[in-house]
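Student: Take this structure first; my questions come after.
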Amino acid sequence: TLFRSLRRQDSDEEDEGKDNENGDKEVKSLEKVTEKVESRKERDQRQKAEAYRKRHEAGLTDEYKKDMERLAEVRRRREALSAQKEQVTEESVEAERARVEKFKLLEKEVKKSSKSKEIPKLDKITIKKMKPQVMKDALKERGLEIQGNNKALTARLLEYEGSR
C-alpha cells in the first residue's frame, strides 16, 4: 500500500510538472516523500536522543558529570601552573632587583675610587697644545662627551677645567 501511494503521488507530480509554465518537470524525489514517513524505531531513537540531550544540558547524565570533573581537574592544573609561574616571576624580579642594587653599589664604589685617583688639573696652555686623540682621552677620564672637532673638544675641556 505504501508503494502504491508513492506511485500515485509520483504520477500526480509528473502531471503537475507538465502543467508548469516553463515546461520544466518539477518532480519531488522519492527521498523527500520517505523522509516524512518515519518508522516507530526511528521515532523512538530520535526521542531518546532528544531526551538524552535535554538531560545532558540539565547536567543529569553521567557523561556530563565526567566532563565537569575533567574540566575542574584541568582548571586546578592551570591554576597551579599559573601560581607556580607567578612565583617564579616574582623570584626572578627579586633577583633582578638584588642584582641592580649590587650594580649600583659597585658603580658608587667605582665613582669613589675614580675620584680618589684625583685627575690632574690641566691649565689652558696644556689643553690648547693637546692633540685631538689625547684630548678625547682626557675627556673620557672626566666622563665628558668626546664627539666633535678640535675646537669643540678644547672648549668642552676648558669649560670643565674652569669650573673645577
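The values are calculated or read from the model by the stated rules, or taken from the named source; none is laboratory data. All values reported here derive from a predicted model rather than from experimental measurement. Glycine gets a Cβ as well: all are built from the backbone with ideal geometry, and neighbour counts include every protein chain shown. Remember, those area values only see protein heavy atoms, side chains included, never the ligands or the DNA or RNA. Shrake-Rupley method; radii C 1.70, N 1.55, O 1.52, S 1.80 Å.
Student: Take the residues of segment 122-164 that are small (Gly, Ala, Ser) and within 23 Å of residue 110 (Cβ to Cβ): which is surrounded by the most Cβ atoms within 10 Å (Cβ to Cβ)?
Tutor: That would be 138.
Student: Then there's this: When you look at residue 72, is it within 29 Å of the chain's Cα centre (by Cα) and open to solvent by less than 100 Å² (accessible area, probe 1.4 Å), yes or no?
Tutor: So residue 72 fits the description; yes.
Student: Also, quick follow-up: Could you grab the pairs with beta carbons closer than 6 Å, sequence gap of 6+ or different chains, first residue in segment 63-86 and closer than 28 Å to residue 49 by Cβ, second one open to solvent by less than 100 Å² (accessible area, probe 1.4 Å)?
Tutor: 64/56
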